[in-house]
Structures are given as C-alpha cells and as structure tokens.
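> Pasting a structure here, questions to come.
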Amino acid sequence: METLMLVLIGILVSVATYLVLSRQMLKVILGTAILSHAAHLLILTLGGLKKGDVPLIEESPGPYTDALPQALILTAIVISFAVTAFVLVLAYRTYATNGTDDFTALRGKLDE
Amino acid sequence: MNNMIVFPLILPIMTAILLVFFRHNIILQRIVSIITMAVVTIISAVIVWAVPVHGILRLDFSGWQPPYGILFVADSFAALLVFTASLVTTIILLYATCTIGEKRERNFFYTFVLLMIAGVNGSFLTGDIFNLFVCFEVMLLASYVLITLGGERVQLRESIKYVLINVVASWLFLVALAYLYSTLGTLNMAHIALRVTEAGQGPLLTTVSLVFLAVFALKAGLLLFQWLPGSYSAPPPAVAALFAALLTKVGIYALFRTYTLMFTHDALPYRLIGIMAMLTIIAGCLGALSGRDVRTIAVYNVLIGVGFILLGLAIGTEVAFQGAIYYVLHDIIAKAFLFLCIGTMIYLTGETVIDQMSGLIRNYPVFGWLFFIVMCALAGIPPLSGFIGKVLIAQAAVAEGDFLLIAVGLASSIIVLYSLLRIFLSAFFGETIIPLGEEMPLPKTVIWPIIMLALLTIALGVGAQAIANYVVHAAEVLANPTQYIDAVLPEALKKGM
C-alpha cells in the first residue's frame, strides 16, 4: 500500500511540476494546488498508514494508529485552501489590471 | 510568569479581529493598533528581563506535557527578537498613520499588520516545528494581503510572483516535515534535538536538514533571493519597511534554531551556509552598485545584511553568535530606518531615480542628517549600532581562521557605505533644484518615527553594554543546546535515552 501511495505522490508531483513551469498563470496556480495535495499524501504515508485501532484508550486495548499525521494534514489542507483561494483572486486582479496572464509578459524591469 | 509569553501572539490577533468591526472608524483603528503594539512591546521587554532571572520560560498549551503538546518557549534569543520586532512595528505604524492613505486604512491595513506581527512573534516563540510552519503561514498570508493592498499595476505584477514562490517554499517545508516526522517520530524541537543526538545524525537526517536549509534560505533571502528585489520595492514605504525589517529575519531565526538546536552534528550545512552567505553578500553588493533607483539600492542592502548575519551562524562559535545577535537586532532597526528614509524621499520628490533628486539637504536639513545617520549605522561606523556586531563576528572569524568569510563580510561594509553615499551625495548634496519655500512640507508625523529609529540605533550602539547581559545569555543557549533541551523536556524523558 505504501509503495502504491508513493507512486501516486510521484505522479502528482511530476504533473504539478509540469504545470508550475508553464507560462500561464492559471496553470501555475493549479500546479501549486496539486503540489499541496502531494505533500498531504506524503505526510499521511510517511506517518504510517492505518495499522491499528482508533486511538480511544477505553474502547480498545491497542495497538493504536497514530492520529497526529491526520491532524497535521487537516491544518495543512485549511492553509492551502485559503492560500489557493487568495491566489486565484489575486491572479484574476493581476490579469484584469495588467491585461495578460502570461508570466513572460509580466516580467517587468526594476529600474523603470 | 510563564503565561506572559503567549501575549505577543494573542494580543495582536485579538485586536486584529476586533478592528474588523470598526472598518470606517479610522482614528479608532490607528489608536487601538498603536496602543496594542506598545503594550506588546512592554510585555516583551518584561520577557527579555525575566529570562536570565527565571531561566528559559515555557508554556505548555492545555497542560499537555512536552513532547506531546504544542508549546511556546522563550529563551533570550527569541525574547530579544520579539521585543525588537514589536518596538519597530510600533514605530512603523506611527509612520503609516499619515503616509499609507485612507483607501488602504479602510481596507483593513491595520488588521493585517497586526496579524503579520502575530505570525512573526509566534514564529520566534514556538517550540514545535509544525507550529512554526503554521505561524509562518499566518505571517505569509497577512503579508500577501499587505503587498497587494492598493492594487496598483506594479504591485499586482510583483506580488503574484512573491505569493507563488512562497507557496512553493511552504510545500518544501511540508515535505521536510513529513520526512522529519517519519524518521524521528516527533515535532517538538527540543525532542527532535534529543533524538538526533541519540540516533546520530546520519546521511538521511542531514538530507532532511538540507531540505530545511532550502526552505529557510528561500524565506530569509539567502542565495535564493531572486524574488526579493521586485517584491520589496513594489508596496508603499511603510509596508516595505515592515517586510525589510521583519520577514527575512524570521527566516534567519529559523535557520539559527535549526542549526544550533536540532542538526548540530554535521559540519556540511555550516560550510554550505558560509558559502551561500558569501555569495549573497557579493550578489547584494553588485545589485547595490548597479542600481539607480533608490528602492533597488535599499533592497540589495537587505541582502547584504542577511548574508552578514548568517556569516555568524557559519562560523558557529559563541562569540560569533553574540555578534550575529547584535547584528540582527541592529539590522531590524536600521533596515526599517533606511526604508522609511527612502520612502520619505520618494514621497517628497515624487522621483525614484537618484539622478532626478538633488540638494534635498537645503530643503529638509533634519531629514538629510537622519539619512546620514542611517548610512553610518549600516556601514558599521561606531558609536552606531552596526559596529559592535561586526567587530564580534570579525573577532570570532579570526579566532577560527575563517579569513575568506570575514574578508568578504567586511569588504561589503565599504560597498554599503559607497552605495548609500551615492544616494546621499546625489540626492541630498548638489544644486538645490526645488526652490526654498516651494518644497513639499514635511509633516511632523512623518519625521518623528524616523527620529525615533535614529535614536534607537544610537542607543543600541552606545548602550551595547546595557543589553550585553541578555545577548551573552542568548548566545550561551545557542552555543549549548542542552540548556534549551533541559528547560523544555521533563527529566524522565532524558533518563530514558
């Protein structure tokens, strides 16, 4: 199961890398969203997939599954959700103000 | 006593939320946010005083004993940074009240400044590495809003790059955390340090530590700084000053914590940091020399500062840490000072290129000499604040035989002086092109915050002895991580090793 998950993470990361390296703003943002999903799966897999019972001391004698990775992922998902929502709005505003969603056109010079 | 260390995080957050409900009462927003930051500054001053007296302070949230819960730890290093950051933010807020413009104030400017400082203070104080990630994100999300607030063309164009590079850096942070958790099974920084010592720092752990190096180098602007010049010159001066003073320092703090507490057993990262710091200084010097825009010159000076502080980490002795701590405190004050000066110059003349300004010192004598002070402070001329840090780092480097590091570091002082002298000679001296009496009036509320920063940099230089006690204590903990571990972990856990 772990191997399968790692292959899946690898695919997600390669897809995301391809998207992030493109010139279109929206593709880059989708790339970062996929990238964060890959990171969440990575935490889940490396933290150990479900091996034991629910960690309720009185309900079961053990062994228990580590609940921490899930708590970490929950936090990370909320953060990446907020950031993605913000970046989408920002990308729309940038497109509306600068009139392009192509990063090469958005390069700009510092001394201008 | 221990409960006190949560206030630098919780007070700004609560005030920030409260201010959302008073969107149209701008006067109230100004007063409340400045008072909040002043109170936070006072509380953090008490924390700075308390740490050497009562030992390292620790607060376990909800009573979960380490290593199980999230906790805040205040050692002298963190406390000094929280104090300086809060103080400088208070002064920048004073400056912002009259320069930021009503449009931004109405759109929750103060709320986001307070949220950002909450994230910054949280990052300094936390003792849990996942909590560090969360505090980073709080700080970054607030900074994303501050950098875009106003929605000007250049601002939007630069900020989308800033946001995207930071999203990718945060992803790397998560990956590093995943590997760290799977190897060591803990997220408490002191416990990580203990387990690394226990298990030995093998190739796998060194690799994990190098991923952390990449993450924090991105945030601190160490070698991976290509996003920094554009994004720091786009926002209005008050925001740029906040960013220059605080954001890179959080990355620097994280690097110090990682390599003085957790991954201390392999020399490779220190050598890498030394090389990266030198390259950062050289690149910063080239940028500062080639720039004609005052903002460009100021931004590249930020990079030189970052490189110089991290020379202290690369050398890695107790004296070097003392120097680095002095220098990081100086850099927070002086960079805020520099960016407020630059912002005021742009505000007064409406120009950004140095050739277009001339003879300002006859129009604004006080302001002109304030710029002279910041120039001397950044170059490290005694008795101003940059001197003591440079001397200590240089002493440590000579004692360790790292002559190349310190040659580059001290040579950069001359470049800093030259690049700022260029602004000073061109913009302040020379023919006065604005006729006397017709210049734009310089409001008192603009000049007072800058004078306060000037007094601070003089006070830190002259009164270096007064804070020496705290700096020595901070450097001692950095050099002997067992003190930090002893303060955080209960006895039983250590006996079990």
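The values are calculated or read from the model by the stated rules, or taken from the named source; none is laboratory data. Keep in mind the model is a prediction, meaning the values are calculated, not measured. Don't worry about glycine lacking a Cβ; one is built from the backbone with ideal geometry, like all the others, and counts go over all protein chains shown.
> Please indicate, with yes or no, whether at least one residue in the stretch B:153-164 is within 11 Å of chain A (Cβ to nearest Cβ), farther than 27 Å from A:L30 by Cβ, out of contact with any Pro (no Cβ under 8 Å at 6 or more places or on another chain) and free of Cβ contacts under 8 Å to residues at least 12 places away in the same chain.
Let us first name the residues in the stretch B:153-164 that are within 11 Å of chain A (Cβ to nearest Cβ), namely B:153-164.
When the remaining residues are screened for being farther than 27 Å from A:L30 by Cβ, the result is none.
For the stretch B:153-164, residues within 11 Å of chain A (Cβ to nearest Cβ), farther than 27 Å from A:L30 by Cβ, out of contact with any Pro (no Cβ under 8 Å at 6 or more places or on another chain) and free of Cβ contacts under 8 Å to residues at least 12 places away in the same chain: absent.
> Confirm whether A:G48 is at positive phi and free of Cβ contacts under 8 Å to residues at least 12 places away in the same chain.
Details: at positive phi: yes; free of Cβ contacts under 8 Å to residues at least 12 places away in the same chain: no.
Answer is no for this residue.
> A further question follows. Do any helices (runs of 4 or more DSSP H) lying entirely in the stretch B:428-497 carry at least 2 residues that are under 23 Å from the mean Cα position of the chain (by Cα), and which ones are they? Before you say what the answer is, go through the steps one by one.
On the way: elements: B:444-462, B:464-479, B:481-488, B:491-495.
Result: B:444-462, B:464-479, B:481-488.
> Quick one: which of B:F77, B:F108 is touching a helix residue (DSSP H, G or I) at 6+ places or on another chain (Cβ under 9 Å), of a type in the set (F, W, Y) and surrounded by fewer than 24 Cβ atoms within 10 Å (Cβ to Cβ)? Walk me through how you get there before you give the answer.
Details: B:F77 fails: surrounded by fewer than 24 Cβ atoms within 10 Å (Cβ to Cβ).
None of the others qualify; the one that does is B:F108.
> Additional query: Is it true that A:A76 is touching a residue at least 40 places away in the same chain (Cβ under 8 Å) and within 12 Å of chain B (Cβ to nearest Cβ)?
Values: touching a residue at least 40 places away in the same chain (Cβ under 8 Å): yes; within 12 Å of chain B (Cβ to nearest Cβ): yes.
Here the answer is yes, as A:A76 does meet what is asked.
> Scan (1) within 28 Å of B:I275 (Cα to Cα); (2) under 25 Å from the mean Cα position of the chain (by Cα) for the single condition B:F403 breaks and write down its number.
Of (1) within 28 Å of B:I275 (Cα to Cα); (2) under 25 Å from the mean Cα position of the chain (by Cα), only one is false for B:F403: (2).
> Take the stretch B:128-186 and flag every residue that is of a type in the set (D, E) and either in a helix (DSSP H, G or I) or surrounded by fewer than 23 Cβ atoms within 10 Å (Cβ to Cβ) (or both).
Once the filter is applied, which keeps residues that are of a type in the set (D, E) and either in a helix (DSSP H, G or I) or surrounded by fewer than 23 Cβ atoms within 10 Å (Cβ to Cβ) (or both), the stretch B:128-186 yields B:E137, B:E152, B:E158.
> Out of curiosity, is B:V299 within 14 Å of chain A (Cβ to nearest Cβ), crowded, with 24+ Cβ neighbours inside 10 Å and not small (G, A, S)? Walk me through how you get there before you give the answer.
Values: within 14 Å of chain A (Cβ to nearest Cβ): yes; crowded, with 24+ Cβ neighbours inside 10 Å: yes; not small (G, A, S): yes.
Against the criterion (within 14 Å of chain A (Cβ to nearest Cβ), crowded, with 24+ Cβ neighbours inside 10 Å and not small (G, A, S)), B:V299 qualifies.
> If I filter the stretch A:97-112 down to residues being at the interface with another protein chain (Cβ under 7 Å from one of its Cβ atoms) and surrounded by 13 or more Cβ atoms within 10 Å (Cβ to Cβ), which single residue comes out as modelled with the lowest pLDDT? I'd like the intermediate steps shown before the answer.
Taking the stretch A:97-112 first, the residues at the interface with another protein chain (Cβ under 7 Å from one of its Cβ atoms) are A:97-98, A:106, A:108, A:110-111.
Checking which are surrounded by 13 or more Cβ atoms within 10 Å (Cβ to Cβ) leaves us with A:97-98, A:106, A:108, A:110.
On the way: A:T97: 90, A:N98: 87, A:L106: 82, A:G108: 69, A:L110: 45.
The extreme case among them is A:L110.
> Shifting gears a bit: Return the residue satisfying two criteria in turn: it lies in the stretch B:230-284 and is in contact with a Gly (Cβ under 7 Å, 6 or more places away or on another chain) and among the polar types (S, T, N, Q), and of such residues it is farthest from B:G119 (Cα to Cα).
So the residue we want is B:T280.
> Right, something else. Please work out if A:I29 is closer than 17 Å to B:S182 by Cα, within 9 Å of chain B (Cβ to nearest Cβ) and part of a helix (DSSP H, G or I).
So A:I29 fails the test.
> In the stretch B:327-335, is there at least one residue being within 14 Å of chain A (Cβ to nearest Cβ), touching a residue at least 60 places away in the same chain (Cβ under 8 Å), of a type in the set (V, I, T) and touching a Gly at 6+ places or on another chain (Cβ under 9 Å)?
For the stretch B:327-335, residues within 14 Å of chain A (Cβ to nearest Cβ), touching a residue at least 60 places away in the same chain (Cβ under 8 Å), of a type in the set (V, I, T) and touching a Gly at 6+ places or on another chain (Cβ under 9 Å): absent.
> Next question. In the stretch A:35-64, which residues are buried (at least 17 other Cβ atoms within 10 Å of the Cβ) and assigned to a loop (DSSP other than H, G, I, E, B)?
A:G47
> Cβ-Cβ distance below 9 Å, separation of 6 or more or different chains: which pairs start in the stretch B:210-233 with a residue that is within 14 Å of another protein chain (Cβ to nearest Cβ) and end on one that is of a type in the set (K, R)?
B:W227/B:K161; B:P229/B:R295; B:G230/B:R157; B:G230/B:K161; B:S231/B:K161; B:Y232/B:R295; B:S233/B:R295
> How many of the residues in the stretch B:366-377 are within 18 Å of B:G463 (Cα to Cα) and out of contact with any Gly (no Cβ under 6 Å at 6 or more places or on another chain)? Explain how you work it out, then say what you get.
Kept after step one, since they are within 18 Å of B:G463 (Cα to Cα), are these residues of the stretch B:366-377: B:373-374, B:376-377.
Next cut, out of contact with any Gly (no Cβ under 6 Å at 6 or more places or on another chain) only: B:373-374, B:376.
Residues flagged as within 18 Å of B:G463 (Cα to Cα) and out of contact with any Gly (no Cβ under 6 Å at 6 or more places or on another chain) within the stretch B:366-377 amount to 3.
> Here's something else I'd like to know. Would you confirm whether any residue within the stretch B:402-416 is more than 20 Å from B:I309 (Cα to Cα) and part of a loop (DSSP other than H, G, I, E, B)?
Our first condition is that a residue be more than 20 Å from B:I309 (Cα to Cα); within the stretch B:402-416, this holds for none.
No, there is no match, as no residue in the stretch B:402-416 is more than 20 Å from B:I309 (Cα to Cα) and part of a loop (DSSP other than H, G, I, E, B).
> What number of residues in the stretch B:376-401 are within 16 Å of B:G307 (Cα to Cα) and among the β-branched types (V, I, T)?
Of the residues in the stretch B:376-401, 2 are within 16 Å of B:G307 (Cα to Cα) and among the β-branched types (V, I, T).
> Take the residues of the stretch B:91-102 that are part of a helix (DSSP H, G or I) and at pLDDT below 90: which is nearest to the chain's Cα centre (by Cα)?
So in the stretch B:91-102, the residues part of a helix (DSSP H, G or I) come out as B:91-99, B:102.
After this cut, where a residue has to be at pLDDT below 90 as well, the list is B:98-99, B:102.
Details: B:C98: 24, B:T99: 22, B:E102: 27 Å.
Across the stretch B:91-102, the extreme among qualifying residues is B:T99.
> Scan the stretch B:38-45 and tell me whether some residue there is in contact (Cβ under 8 Å) with a residue 40 or more places away in the chain and more than 20 Å from the chain's Cα centre (by Cα). Full working, then the answer.
The first filter runs over the stretch B:38-45 and keeps only residues in contact (Cβ under 8 Å) with a residue 40 or more places away in the chain, leaving B:38, B:40-41, B:44.
Adding the requirement that they be more than 20 Å from the chain's Cα centre (by Cα) leaves none.
No, because not a single residue in the stretch B:38-45 is in contact (Cβ under 8 Å) with a residue 40 or more places away in the chain and more than 20 Å from the chain's Cα centre (by Cα).
> Scan the stretch A:8-26 residue by residue and report those that are outside any helix (DSSP H, G or I) and free of Cβ contacts under 8 Å to residues at least 12 places away in the same chain.
Keep residues of the stretch A:8-26 that are outside any helix (DSSP H, G or I), which gives A:21-24.
Correct list: A:L21, A:S22.
> Can you find even one residue in the stretch A:91-108 that is hydrophobic (A, V, I, L, M, F, W, C) and in contact with a helix residue (DSSP H, G or I) (Cβ under 6 Å, 6 or more places away or on another chain)? Don't jump to the end; show me each part of the working.
Step one: of the stretch A:91-108, the residues hydrophobic (A, V, I, L, M, F, W, C) are A:91, A:96, A:103, A:105-106.
Subsequent filtering for residues that are in contact with a helix residue (DSSP H, G or I) (Cβ under 6 Å, 6 or more places away or on another chain) retains A:91, A:106.
Yes, that holds for at least one residue.
> Further question: With the requirement that a residue be more than 9 Å from every other protein chain (Cβ to nearest Cβ) and touching a Pro at 6+ places or on another chain (Cβ under 8 Å), what does the stretch A:32-72 give you?
Of everything in the stretch A:32-72, those that are more than 9 Å from every other protein chain (Cβ to nearest Cβ) and touching a Pro at 6+ places or on another chain (Cβ under 8 Å) turn out to be A:K51, A:G52, A:D53, A:Y64, A:T65, A:A67.
> Let me ask something additional. Does at least one position in the stretch A:67-77 carry a residue that is polar (S, T, N, Q), farther than 24 Å from B:Y162 by Cα, out of contact with any helix residue (DSSP H, G or I) (no Cβ under 6 Å at 6 or more places or on another chain) and assigned to a helix (DSSP H, G or I)? Spell out the reasoning first.
In the first step, residues of the stretch A:67-77 are kept if they are polar (S, T, N, Q); the result is A:70, A:75.
Checking the rest, the ones that are also farther than 24 Å from B:Y162 by Cα come to A:70.
Okay, now just the ones that are also out of contact with any helix residue (DSSP H, G or I) (no Cβ under 6 Å at 6 or more places or on another chain), so A:70.
So of that shortlist, the ones also assigned to a helix (DSSP H, G or I) come out as A:70.
Yes, the stretch A:67-77 contains a residue that is polar (S, T, N, Q), farther than 24 Å from B:Y162 by Cα, out of contact with any helix residue (DSSP H, G or I) (no Cβ under 6 Å at 6 or more places or on another chain) and assigned to a helix (DSSP H, G or I).
> Same structure again: Provide a single number: the residues in the stretch B:226-265 that are in a loop (DSSP other than H, G, I, E, B), surrounded by fewer than 24 Cβ atoms within 10 Å (Cβ to Cβ) and either of a type in the set (S, T, Y) or in contact with a Ser or Thr (Cβ under 8 Å, 6 or more places away or on another chain) (or both).
Step one: of the stretch B:226-265, the residues in a loop (DSSP other than H, G, I, E, B) are B:226-227, B:234-236, B:263-265.
Restricting the remaining residues to those that are surrounded by fewer than 24 Cβ atoms within 10 Å (Cβ to Cβ) gives B:226-227, B:236, B:263-265.
Now restrict to residues that are either of a type in the set (S, T, Y) or in contact with a Ser or Thr (Cβ under 8 Å, 6 or more places away or on another chain) (or both): B:236, B:263-265.
Final tally of qualifying residues: 4.
> Just for the stretch B:347-397: of the residues that are assigned to a helix (DSSP H, G or I), under 25 Å from the mean Cα position of the chain (by Cα) and β-branched (V, I, T), which one is nearest to B:A336 (Cα to Cα)?
Ranking the candidates gives B:V374 first.
> Would you mind finding the one in B:A238, B:A254 that is more than 14 Å from chain A (Cβ to nearest Cβ), at pLDDT below 95 and touching a helix residue (DSSP H, G or I) at 6+ places or on another chain (Cβ under 6 Å)?
Details: B:A254 fails: at pLDDT below 95.
When all the criteria are applied, what remains is B:A238.
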